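Student: What follows is a structure written as C-alpha coordinates; I'll ask about it next.
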Amino acid sequence: MEPFLDFHVIADNITYFMIGRYPNGPLGGFALTIWLAVVSCVLSLFGGLVLGLLSISRQRLIRIPVMVFINTVRGLPLLMVIFWMYFLLPLILGKTTPESETVIMGLTLFTSAYMSQIVRAGIEGIPKGQTEAALSTGLKPWQAMLYIVLPQGLRNMIPSFVNQFVSLIKDTSLAFIVGVSELTHVATQINNRTMAYPTEIFIFIAAVYFVICYAFTSLSRLLERKLAWNKSM
Amino acid sequence: MITFEGVHKWFKKLHVLNDINLHVKPGEVVVVCGPSGSGKSTLIRTINQLEPINEGRLVVDGMDLSDKKTDINKLRAEVGFVFQQFNLYPHLSVLSNITLAPIKIRKTPKKEAEEQAMALLERVGLAVKRDAYPTQLSGGQQQRVAIARALAMKPRIMLFDEPTSALDPEMIGEVLAVMQDLAKSGMTMVVVTHEMGFAREVSDRVVFMDAGVILEEREPEAFFKNPQHERAQQFLKQLLSPMH
(Lines give C-alpha, C1' and ligand atoms only; values in the text may rest on other atoms or scores of the structure.)
Protein backbone atom coordinates (compact mmCIF):
# COMPACT_ATOMS: atom_id res chain seq x y z
CA MET A 1 0.00 0.00 0.00
CA GLU A 2 1.19 3.55 -0.78
CA PRO A 3 2.19 5.61 2.26
CA PHE A 4 -0.17 8.48 3.05
CA LEU A 5 2.52 11.08 2.48
CA ASP A 6 5.53 10.48 0.28
CA PHE A 7 8.30 13.05 0.71
CA HIS A 8 10.47 11.42 -1.96
CA VAL A 9 9.32 14.14 -4.31
CA ILE A 10 11.03 16.68 -2.07
CA ALA A 11 14.28 14.77 -1.82
CA ASP A 12 14.34 14.18 -5.58
CA ASN A 13 13.88 17.87 -6.34
CA ILE A 14 15.68 19.42 -3.38
CA THR A 15 18.30 21.22 -5.49
CA TYR A 16 15.60 22.71 -7.68
CA PHE A 17 13.65 23.82 -4.61
CA MET A 18 16.73 25.46 -3.14
CA ILE A 19 18.51 27.12 -6.07
CA GLY A 20 16.40 26.53 -9.20
CA ARG A 21 18.36 25.82 -12.37
CA TYR A 22 21.49 27.52 -11.07
CA PRO A 23 24.34 27.30 -12.11
CA ASN A 24 23.09 26.13 -15.52
CA GLY A 25 20.33 28.75 -15.54
CA PRO A 26 19.15 31.70 -13.48
CA LEU A 27 19.06 31.51 -9.71
CA GLY A 28 15.69 30.33 -8.42
CA GLY A 29 13.84 28.64 -5.58
CA PHE A 30 14.56 29.42 -1.96
CA ALA A 31 17.81 31.20 -2.82
CA LEU A 32 15.94 33.61 -5.09
CA THR A 33 13.33 34.18 -2.40
CA ILE A 34 16.07 35.24 0.02
CA TRP A 35 17.81 37.30 -2.67
CA LEU A 36 14.58 39.18 -3.47
CA ALA A 37 13.91 39.79 0.22
CA VAL A 38 17.44 40.94 1.06
CA VAL A 39 17.83 43.27 -1.91
CA SER A 40 14.36 44.76 -1.43
CA CYS A 41 15.03 45.13 2.29
CA VAL A 42 18.30 47.00 1.82
CA LEU A 43 16.74 49.30 -0.79
CA SER A 44 13.65 49.84 1.39
CA LEU A 45 15.85 50.79 4.34
CA PHE A 46 17.24 53.69 2.32
CA GLY A 47 13.84 54.47 0.81
CA GLY A 48 12.21 54.35 4.22
CA LEU A 49 14.87 56.54 5.79
CA VAL A 50 14.50 59.19 3.09
CA LEU A 51 10.68 59.08 3.07
CA GLY A 52 10.58 58.99 6.87
CA LEU A 53 12.80 62.06 7.21
CA LEU A 54 10.83 63.92 4.54
CA SER A 55 7.54 62.98 6.20
CA ILE A 56 8.53 64.89 9.37
CA SER A 57 9.93 67.87 7.47
CA ARG A 58 8.76 71.24 8.74
CA GLN A 59 8.22 72.34 5.14
CA ARG A 60 4.60 71.57 4.30
CA LEU A 61 5.42 71.58 0.60
CA ILE A 62 7.66 68.58 1.21
CA ARG A 63 5.78 66.87 4.02
CA ILE A 64 2.31 66.82 2.52
CA PRO A 65 3.10 65.28 -0.90
CA VAL A 66 5.32 62.70 0.81
CA MET A 67 2.57 61.77 3.26
CA VAL A 68 0.08 61.50 0.39
CA PHE A 69 2.46 59.17 -1.42
CA ILE A 70 3.09 57.03 1.68
CA ASN A 71 -0.59 56.74 2.53
CA THR A 72 -1.52 55.92 -1.05
CA VAL A 73 0.99 53.08 -1.21
CA ARG A 74 -0.09 51.81 2.20
CA GLY A 75 -3.67 51.80 1.00
CA LEU A 76 -2.95 49.51 -1.94
CA PRO A 77 -2.57 45.73 -1.99
CA LEU A 78 1.01 44.65 -2.67
CA LEU A 79 -0.13 42.49 -5.56
CA MET A 80 -1.50 45.56 -7.28
CA VAL A 81 1.75 47.47 -6.77
CA ILE A 82 3.60 44.56 -8.39
CA PHE A 83 1.19 44.57 -11.33
CA TRP A 84 1.64 48.29 -11.68
CA MET A 85 5.39 47.88 -11.82
CA TYR A 86 5.04 45.01 -14.24
CA PHE A 87 2.96 46.98 -16.73
CA LEU A 88 4.14 50.54 -16.05
CA LEU A 89 7.89 50.16 -15.69
CA PRO A 90 8.41 49.12 -19.35
CA LEU A 91 6.27 52.08 -20.45
CA ILE A 92 8.25 54.53 -18.31
CA LEU A 93 11.68 53.13 -19.12
CA GLY A 94 10.86 52.37 -22.75
CA LYS A 95 12.28 48.87 -22.50
CA THR A 96 11.32 45.63 -20.82
CA THR A 97 12.80 45.00 -17.41
CA PRO A 98 13.60 41.52 -16.09
CA GLU A 99 10.74 40.16 -13.95
CA SER A 100 12.80 39.79 -10.79
CA GLU A 101 13.90 43.42 -11.00
CA THR A 102 10.29 44.46 -11.51
CA VAL A 103 9.35 42.59 -8.37
CA ILE A 104 12.24 44.13 -6.42
CA MET A 105 11.04 47.58 -7.48
CA GLY A 106 7.49 46.77 -6.40
CA LEU A 107 8.54 45.31 -3.06
CA THR A 108 10.88 48.25 -2.44
CA LEU A 109 8.24 50.85 -3.20
CA PHE A 110 5.71 49.08 -1.01
CA THR A 111 8.03 48.32 1.90
CA SER A 112 9.65 51.77 1.85
CA ALA A 113 6.26 53.25 2.68
CA TYR A 114 6.01 51.02 5.75
CA MET A 115 9.67 51.48 6.72
CA SER A 116 9.18 55.26 6.55
CA GLN A 117 6.61 55.06 9.31
CA ILE A 118 8.94 52.94 11.45
CA VAL A 119 11.58 55.63 10.91
CA ARG A 120 9.13 58.41 11.75
CA ALA A 121 7.99 56.71 14.95
CA GLY A 122 11.60 55.94 15.88
CA ILE A 123 12.62 59.56 15.48
CA GLU A 124 9.57 60.91 17.27
CA GLY A 125 10.25 58.49 20.13
CA ILE A 126 13.49 60.26 21.02
CA PRO A 127 12.83 62.85 23.74
CA LYS A 128 12.72 66.44 22.54
CA GLY A 129 15.35 67.33 25.13
CA GLN A 130 17.96 65.48 23.06
CA THR A 131 17.42 67.76 20.08
CA GLU A 132 17.26 70.82 22.32
CA ALA A 133 20.52 69.87 24.01
CA ALA A 134 22.20 69.43 20.63
CA LEU A 135 20.85 72.73 19.30
CA SER A 136 21.84 74.53 22.50
CA THR A 137 25.50 73.66 21.88
CA GLY A 138 25.28 75.26 18.45
CA LEU A 139 24.71 72.17 16.30
CA LYS A 140 22.57 72.85 13.24
CA PRO A 141 19.23 71.00 13.04
CA TRP A 142 20.54 68.50 10.47
CA GLN A 143 23.58 67.81 12.65
CA ALA A 144 21.36 67.25 15.69
CA MET A 145 19.39 64.74 13.58
CA LEU A 146 22.48 63.00 12.18
CA TYR A 147 24.63 62.76 15.32
CA ILE A 148 22.10 62.66 18.15
CA VAL A 149 18.58 61.65 17.14
CA LEU A 150 19.15 59.14 14.32
CA PRO A 151 21.79 57.00 16.07
CA GLN A 152 19.46 56.55 19.05
CA GLY A 153 16.34 56.22 16.91
CA LEU A 154 17.82 53.68 14.49
CA ARG A 155 18.78 51.49 17.40
CA ASN A 156 15.18 51.52 18.61
CA MET A 157 13.99 50.77 15.08
CA ILE A 158 16.08 47.62 14.58
CA PRO A 159 13.48 45.15 15.92
CA SER A 160 10.77 46.69 13.71
CA PHE A 161 13.09 46.54 10.72
CA VAL A 162 13.63 42.83 11.31
CA ASN A 163 9.85 42.32 11.51
CA GLN A 164 9.46 44.16 8.23
CA PHE A 165 12.09 41.86 6.71
CA VAL A 166 10.03 38.86 7.81
CA SER A 167 7.02 40.33 6.03
CA LEU A 168 9.19 40.83 2.97
CA ILE A 169 10.23 37.18 2.90
CA LYS A 170 6.58 36.18 2.85
CA ASP A 171 5.66 38.89 0.35
CA THR A 172 8.21 37.62 -2.17
CA SER A 173 5.84 34.72 -2.82
CA LEU A 174 3.71 37.17 -4.81
CA ALA A 175 6.53 37.34 -7.37
CA PHE A 176 5.12 34.04 -8.54
CA ILE A 177 2.32 35.94 -10.26
CA VAL A 178 4.65 37.57 -12.81
CA GLY A 179 6.62 34.39 -13.38
CA VAL A 180 9.65 34.90 -11.16
CA SER A 181 10.89 31.46 -10.19
CA GLU A 182 11.18 31.96 -6.44
CA LEU A 183 10.24 29.25 -3.93
CA THR A 184 6.45 29.32 -4.44
CA HIS A 185 6.78 29.40 -8.21
CA VAL A 186 9.25 26.53 -8.20
CA ALA A 187 6.85 24.57 -5.99
CA THR A 188 3.98 25.02 -8.46
CA GLN A 189 6.27 23.96 -11.30
CA ILE A 190 7.25 20.78 -9.53
CA ASN A 191 3.64 20.19 -8.58
CA ASN A 192 2.50 20.57 -12.20
CA ARG A 193 5.24 18.26 -13.40
CA THR A 194 4.76 15.49 -10.83
CA MET A 195 0.96 15.86 -10.46
CA ALA A 196 0.60 13.48 -7.52
CA TYR A 197 2.18 15.23 -4.54
CA PRO A 198 0.58 18.64 -3.88
CA THR A 199 0.21 18.02 -0.13
CA GLU A 200 3.85 17.07 0.36
CA ILE A 201 5.13 19.92 -1.78
CA PHE A 202 3.09 22.61 -0.11
CA ILE A 203 3.70 21.28 3.38
CA PHE A 204 7.39 21.46 2.58
CA ILE A 205 7.44 25.04 1.34
CA ALA A 206 5.17 26.13 4.21
CA ALA A 207 7.74 24.61 6.57
CA VAL A 208 10.57 26.45 4.81
CA TYR A 209 8.79 29.81 5.05
CA PHE A 210 7.86 29.14 8.65
CA VAL A 211 11.33 28.16 9.81
CA ILE A 212 13.05 31.15 8.27
CA CYS A 213 10.38 33.63 9.38
CA TYR A 214 10.17 32.21 12.89
CA ALA A 215 13.95 32.42 13.20
CA PHE A 216 13.93 36.11 12.30
CA THR A 217 10.92 36.87 14.49
CA SER A 218 12.78 35.31 17.42
CA LEU A 219 15.83 37.38 16.54
CA SER A 220 13.67 40.50 16.57
CA ARG A 221 12.35 39.65 20.04
CA LEU A 222 15.87 39.01 21.26
CA LEU A 223 17.07 42.34 19.86
CA GLU A 224 14.15 44.13 21.46
CA ARG A 225 15.33 42.92 24.84
CA LYS A 226 19.04 43.40 24.15
CA LEU A 227 18.70 46.91 22.78
CA ALA A 228 16.50 48.37 25.49
CA TRP A 229 18.53 51.38 26.63
CA ASN A 230 18.60 50.94 30.36
CA LYS A 231 19.32 47.24 30.47
CA SER A 232 22.17 47.25 27.98
CA MET A 233 24.22 49.87 29.75
CA MET B 1 25.11 91.30 27.60
CA ILE B 2 21.42 90.37 27.57
CA THR B 3 18.70 92.96 27.04
CA PHE B 4 14.95 92.36 26.99
CA GLU B 5 12.87 95.32 25.83
CA GLY B 6 9.11 94.97 25.98
CA VAL B 7 9.24 91.25 25.17
CA HIS B 8 5.96 89.35 24.82
CA LYS B 9 5.25 85.71 24.15
CA TRP B 10 2.05 83.75 23.83
CA PHE B 11 1.36 80.01 23.81
CA LYS B 12 -1.90 80.06 21.87
CA LYS B 13 -3.97 82.36 24.11
CA LEU B 14 -1.78 82.02 27.18
CA HIS B 15 0.29 85.15 27.73
CA VAL B 16 3.46 83.50 29.07
CA LEU B 17 5.76 86.51 28.87
CA ASN B 18 4.16 89.89 29.44
CA ASP B 19 6.20 93.03 28.72
CA ILE B 20 9.55 91.73 29.95
CA ASN B 21 12.24 94.36 30.47
CA LEU B 22 15.50 93.05 31.84
CA HIS B 23 19.15 93.86 31.47
CA VAL B 24 21.98 91.51 32.42
CA LYS B 25 25.47 93.00 32.53
CA PRO B 26 28.65 91.07 31.64
CA GLY B 27 29.83 88.96 34.58
CA GLU B 28 26.55 89.30 36.41
CA VAL B 29 24.76 86.36 38.01
CA VAL B 30 20.99 86.72 37.92
CA VAL B 31 18.63 84.29 39.61
CA VAL B 32 15.09 84.01 38.30
CA CYS B 33 12.51 82.57 40.66
CA GLY B 34 8.77 82.34 40.97
CA PRO B 35 5.96 79.81 41.30
CA SER B 36 5.64 77.09 38.66
CA GLY B 37 3.94 78.27 35.51
CA SER B 38 5.20 81.80 36.08
CA GLY B 39 7.10 81.83 32.77
CA LYS B 40 10.60 81.71 34.20
CA SER B 41 11.65 78.67 32.15
CA THR B 42 10.18 80.23 29.03
CA LEU B 43 12.08 83.43 29.80
CA ILE B 44 15.44 81.68 30.01
CA ARG B 45 14.69 79.57 26.92
CA THR B 46 14.09 82.66 24.80
CA ILE B 47 17.67 83.77 25.46
CA ASN B 48 19.05 81.03 23.20
CA GLN B 49 15.91 80.86 21.06
CA LEU B 50 14.71 77.45 22.16
CA GLU B 51 11.53 79.53 22.40
CA PRO B 52 11.04 82.32 19.87
CA ILE B 53 9.55 85.58 21.07
CA ASN B 54 6.44 87.12 19.52
CA GLU B 55 6.97 90.79 20.26
CA GLY B 56 9.62 93.16 21.54
CA ARG B 57 13.39 93.33 21.27
CA LEU B 58 15.90 90.83 22.62
CA VAL B 59 19.62 91.41 22.22
CA VAL B 60 22.08 88.74 23.40
CA ASP B 61 25.84 89.30 23.24
CA GLY B 62 25.38 91.98 20.61
CA MET B 63 23.12 89.83 18.43
CA ASP B 64 19.59 91.07 17.88
CA LEU B 65 17.27 88.06 18.07
CA SER B 66 14.31 90.02 16.74
CA ASP B 67 16.29 90.35 13.49
CA LYS B 68 15.55 87.44 11.18
CA LYS B 69 19.02 87.66 9.67
CA THR B 70 20.70 86.77 12.97
CA ASP B 71 22.31 83.32 12.77
CA ILE B 72 20.66 81.46 15.62
CA ASN B 73 23.12 78.56 15.50
CA LYS B 74 26.00 80.99 15.92
CA LEU B 75 24.29 82.60 18.88
CA ARG B 76 23.64 79.23 20.52
CA ALA B 77 27.30 78.30 20.21
CA GLU B 78 28.11 81.34 22.39
CA VAL B 79 25.44 80.57 24.99
CA GLY B 80 25.68 77.48 27.19
CA PHE B 81 22.44 75.89 28.39
CA VAL B 82 21.96 73.44 31.26
CA PHE B 83 18.67 71.58 31.44
CA GLN B 84 16.66 70.32 34.38
CA GLN B 85 16.69 66.80 32.90
CA PHE B 86 20.44 66.95 31.98
CA ASN B 87 19.75 65.68 28.43
CA LEU B 88 23.11 63.98 28.02
CA TYR B 89 23.38 61.88 24.86
CA PRO B 90 22.90 58.28 26.09
CA HIS B 91 24.62 56.71 23.06
CA LEU B 92 27.87 58.62 23.56
CA SER B 93 30.53 58.37 26.25
CA VAL B 94 31.03 61.22 28.69
CA LEU B 95 34.05 62.40 26.71
CA SER B 96 32.19 62.30 23.37
CA ASN B 97 29.24 64.13 24.89
CA ILE B 98 31.61 67.00 25.63
CA THR B 99 33.74 66.96 22.47
CA LEU B 100 30.96 66.60 19.88
CA ALA B 101 30.07 70.27 19.45
CA PRO B 102 33.63 71.66 19.60
CA ILE B 103 34.70 69.15 16.92
CA LYS B 104 31.68 69.70 14.65
CA ILE B 105 31.11 73.42 15.13
CA ARG B 106 34.43 74.93 16.15
CA LYS B 107 36.37 72.45 14.00
CA THR B 108 38.68 71.80 16.94
CA PRO B 109 41.04 68.87 16.19
CA LYS B 110 39.90 65.77 18.06
CA LYS B 111 42.97 65.48 20.25
CA GLU B 112 42.79 69.11 21.32
CA ALA B 113 39.03 68.83 21.97
CA GLU B 114 39.66 65.81 24.19
CA GLU B 115 42.38 67.61 26.15
CA GLN B 116 40.01 70.52 26.73
CA ALA B 117 37.22 68.13 27.70
CA MET B 118 39.51 66.45 30.22
CA ALA B 119 40.38 69.82 31.72
CA LEU B 120 36.65 70.54 32.09
CA LEU B 121 35.98 67.12 33.60
CA GLU B 122 38.81 67.82 36.03
CA ARG B 123 37.10 71.06 36.92
CA VAL B 124 33.74 69.39 37.66
CA GLY B 125 35.54 66.55 39.48
CA LEU B 126 34.68 63.74 37.06
CA ALA B 127 37.90 63.04 35.17
CA VAL B 128 37.68 59.35 36.11
CA LYS B 129 34.33 59.06 34.32
CA ARG B 130 35.62 60.01 30.87
CA ASP B 131 34.75 56.64 29.31
CA ALA B 132 31.51 56.03 31.22
CA TYR B 133 28.09 56.32 29.60
CA PRO B 134 25.49 58.73 30.99
CA THR B 135 23.22 56.00 32.38
CA GLN B 136 26.10 54.74 34.51
CA LEU B 137 26.28 58.07 36.33
CA SER B 138 24.24 59.47 39.21
CA GLY B 139 22.00 62.46 38.58
CA GLY B 140 24.47 64.86 40.15
CA GLN B 141 27.30 63.48 38.06
CA GLN B 142 25.20 63.69 34.90
CA GLN B 143 24.41 67.32 35.58
CA ARG B 144 28.08 68.13 36.17
CA VAL B 145 28.94 66.48 32.84
CA ALA B 146 26.15 68.53 31.23
CA ILE B 147 27.74 71.69 32.61
CA ALA B 148 31.11 70.59 31.24
CA ARG B 149 29.47 69.92 27.86
CA ALA B 150 28.04 73.44 27.78
CA LEU B 151 31.38 74.96 28.85
CA ALA B 152 33.24 73.09 26.11
CA MET B 153 32.01 75.63 23.55
CA LYS B 154 33.66 78.38 25.63
CA PRO B 155 30.38 80.26 25.95
CA ARG B 156 30.19 83.90 27.02
CA ILE B 157 26.88 83.33 28.80
CA MET B 158 25.63 80.31 30.76
CA LEU B 159 21.93 79.62 31.28
CA PHE B 160 20.65 77.17 33.91
CA ASP B 161 17.03 76.00 33.80
CA GLU B 162 16.29 74.52 37.24
CA PRO B 163 19.57 72.57 37.22
CA THR B 164 19.01 70.91 40.61
CA SER B 165 15.24 70.29 40.54
CA ALA B 166 15.55 66.73 39.23
CA LEU B 167 18.25 65.75 41.71
CA ASP B 168 18.12 63.85 44.96
CA PRO B 169 18.79 66.24 47.85
CA GLU B 170 22.22 64.85 48.63
CA MET B 171 23.42 65.60 45.08
CA ILE B 172 22.29 69.20 44.90
CA GLY B 173 25.36 70.49 46.71
CA GLU B 174 27.90 69.12 44.25
CA VAL B 175 26.13 70.80 41.31
CA LEU B 176 25.71 74.11 43.13
CA ALA B 177 29.41 74.04 44.04
CA VAL B 178 30.35 73.79 40.36
CA MET B 179 27.99 76.66 39.55
CA GLN B 180 29.39 78.78 42.35
CA ASP B 181 32.89 78.16 41.10
CA LEU B 182 31.77 79.22 37.63
CA ALA B 183 30.20 82.41 38.97
CA LYS B 184 33.42 83.29 40.75
CA SER B 185 35.33 82.94 37.48
CA GLY B 186 33.34 85.87 36.13
CA MET B 187 30.89 84.01 33.89
CA THR B 188 27.67 85.81 32.99
CA MET B 189 24.90 83.56 34.31
CA VAL B 190 21.13 83.46 34.35
CA VAL B 191 19.82 80.78 36.69
CA VAL B 192 16.25 79.64 37.15
CA THR B 193 16.23 77.96 40.54
CA HIS B 194 14.44 77.50 43.82
CA GLU B 195 17.75 77.18 45.67
CA MET B 196 17.47 80.30 47.76
CA GLY B 197 20.80 79.64 49.43
CA PHE B 198 22.47 79.85 46.04
CA ALA B 199 20.52 83.00 45.17
CA ARG B 200 21.52 84.66 48.43
CA GLU B 201 25.20 83.76 48.39
CA VAL B 202 26.11 83.76 44.72
CA SER B 203 23.75 85.96 42.75
CA ASP B 204 24.00 89.68 42.14
CA ARG B 205 20.30 90.10 41.56
CA VAL B 206 17.07 88.18 42.04
CA VAL B 207 14.21 88.44 39.58
CA PHE B 208 10.80 87.36 40.82
CA MET B 209 8.19 86.41 38.23
CA ASP B 210 4.55 85.49 38.37
CA ALA B 211 2.03 84.97 35.59
CA GLY B 212 4.49 86.07 32.91
CA VAL B 213 5.34 89.37 34.59
CA ILE B 214 8.50 90.44 36.39
CA LEU B 215 7.12 91.66 39.72
CA GLU B 216 10.33 92.35 41.55
CA GLU B 217 13.99 92.72 40.67
CA ARG B 218 16.42 93.46 43.49
CA GLU B 219 19.63 92.55 45.20
CA PRO B 220 19.32 89.22 46.99
CA GLU B 221 19.84 90.57 50.50
CA ALA B 222 17.05 93.12 50.11
CA PHE B 223 14.76 90.66 48.31
CA PHE B 224 14.96 88.02 51.01
CA LYS B 225 14.82 90.38 53.98
CA ASN B 226 12.07 92.56 52.74
CA PRO B 227 10.21 91.46 49.60
CA GLN B 228 8.01 94.28 48.33
CA HIS B 229 5.38 92.46 46.35
CA GLU B 230 2.71 90.51 48.16
CA ARG B 231 3.08 87.48 45.92
CA ALA B 232 6.85 87.46 46.46
CA GLN B 233 6.22 87.48 50.21
CA GLN B 234 3.84 84.55 49.85
CA PHE B 235 6.24 82.66 47.59
CA LEU B 236 9.15 83.04 50.01
CA LYS B 237 7.02 82.05 52.94
CA GLN B 238 5.92 78.84 51.20
CA LEU B 239 9.45 78.09 50.08
CA LEU B 240 10.90 78.47 53.56
CA SER B 241 8.18 76.57 55.39
CA PRO B 242 6.26 74.44 52.88
CA MET B 243 4.06 72.93 55.61
CA HIS B 244 2.26 76.19 56.24
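The values are calculated or read from the model by the stated rules, or taken from the named source; none is laboratory data. Since the structure is predicted, the reported quantities are computational estimates derived from the model, not experimental observations. For neighbour counting, all protein chains shown are included, and Cβ atoms are generated from backbone atoms with ideal geometry for every residue, glycine included. Protein only, heavy atoms only, side chains kept; ligands, DNA and RNA dropped before computing areas. Shrake-Rupley method; radii C 1.70, N 1.55, O 1.52, S 1.80 Å.
Student: Within 10 Å of each candidate Cβ there may be at most 10 other Cβ atoms; applying that plus a DSSP loop requirement, which trypsin sites (Lys or Arg not before Pro) in the range B:41-86 survive?
Tutor: Qualifying residues, ordered by number: B:Lys68, B:Lys69.
Student: Antiparallel versus total DSSP beta bridges in the range B:98-221: what percent is that, nearest 5?
Tutor: Roughly 50 percent of the beta bridges in the range B:98-221 run antiparallel, per DSSP.
Student: Across peptide B:147-160, how many C-beta atoms of other chains are within 10 Å of each residue C-beta, on average?
Tutor: Across the residues of B:147-160, the mean count of other-chain Cβ atoms within 10 Å is 1.
Student: Going highest first, how would you order B:7-15, A:28-36 by mean Cβ packing within 10 Å?
Tutor: In descending order of packing, they fall as A:28-36, B:7-15.
Student: While we're here: Would you mind putting A:99-112, A:147-160 in packing order, based on average other-beta-carbon counts within 10 Å, highest first?
Tutor: Listed from highest to lowest mean packing, they are A:99-112, A:147-160.
Student: Right, here's the next one. So how much accessible surface do B and A hide from each other in total, probe 1.4 Å, in square angstrom to the nearest 100?
Tutor: By this definition, chains B and A bury close to 1900 Å².
Student: Shielding of B:84-96 by partners, i.e. mean partner chain Cβ atoms within 10 Å per residue?
Tutor: Per residue, the number of nearby Cβ atoms from other chains is 4 on average.
Student: Within 10 Å of each Cβ of A:137-150, how many other protein chain Cβ atoms are there on average?
Tutor: Per residue, the number of nearby Cβ atoms from other chains is 5 on average.
Student: Sequence neighbours fewer than 8 away in the same chain don't count; with that in mind, list the aspartates and glutamates whose C-alpha is under 16 Å from A:Lys170.
Tutor: Within the straight-line cut-off, A:Lys170 pairs with A:Glu182.
Student: Give me the one-decimal nm value for the distance between modelled label points at B:Phe224 and A:Thr96, 7 Å along each residue's Cα-to-Cβ direction.
Tutor: According to this spin-label approximation, the distance is 8.9 nm.
Student: With charges set only on the Cβ (+1 for Lys and Arg, -1 for Asp and Glu), what does the dipole of the range A:8-232 come to about its Cα centre, in debye to the nearest 20?
Tutor: For the range A:8-232, the charge dipole is close to 820 debye.
Student: Can I ask one more? Run down the aspartates and glutamates and flag those whose C-alpha is under 12 Å from the C-alpha of B:Lys9, throwing out any fewer than 8 positions away in its chain.
Tutor: By straight Cα distance, B:Lys9 reaches B:Asp19, B:Glu51, B:Glu55.
Student: Also, I was wondering about something else. Rounded, prolate or oblate: which fits the range B:37-142 when a ≥ b ≥ c are the square roots of the eigenvalues of the alpha-carbon gyration tensor, with rounded for a/c under 1.5 and prolate only if a/b beats b/c?
Tutor: Oblate, because a/c is 1.5 or more while a/b does not exceed b/c.
Student: What part of the accessible area of the range A:8-232, given as a whole %, is carbon or sulfur when the probe is 1.4 angstrom?
Tutor: 68
Student: Here is a follow-up. Do the alpha carbons of any pairs in A:Lys128/B:Lys40; B:Lys13/B:Lys237; A:Lys140/B:Lys129 sit beyond 22 Å of each other, and which pairs?
Tutor: The pairs that break the limit, which is 22 Å between Cα atoms, are B:Lys13/B:Lys237; A:Lys140/B:Lys129.
Student: Follow-up. Calculate the radius of gyration of the Cα atoms of chain B to one decimal place, then report Dmax, the largest Cα-Cα distance, as a whole number, both in Å.
Tutor: 18.0, 56
Student: Moving to a separate point now. Ranking request for peptides B:98-111, A:204-217: highest mean number of other beta-carbon atoms within 10 Å first, then the rest in descending order.
Tutor: My ranking of the peptides, most packed first, is B:98-111, A:204-217.
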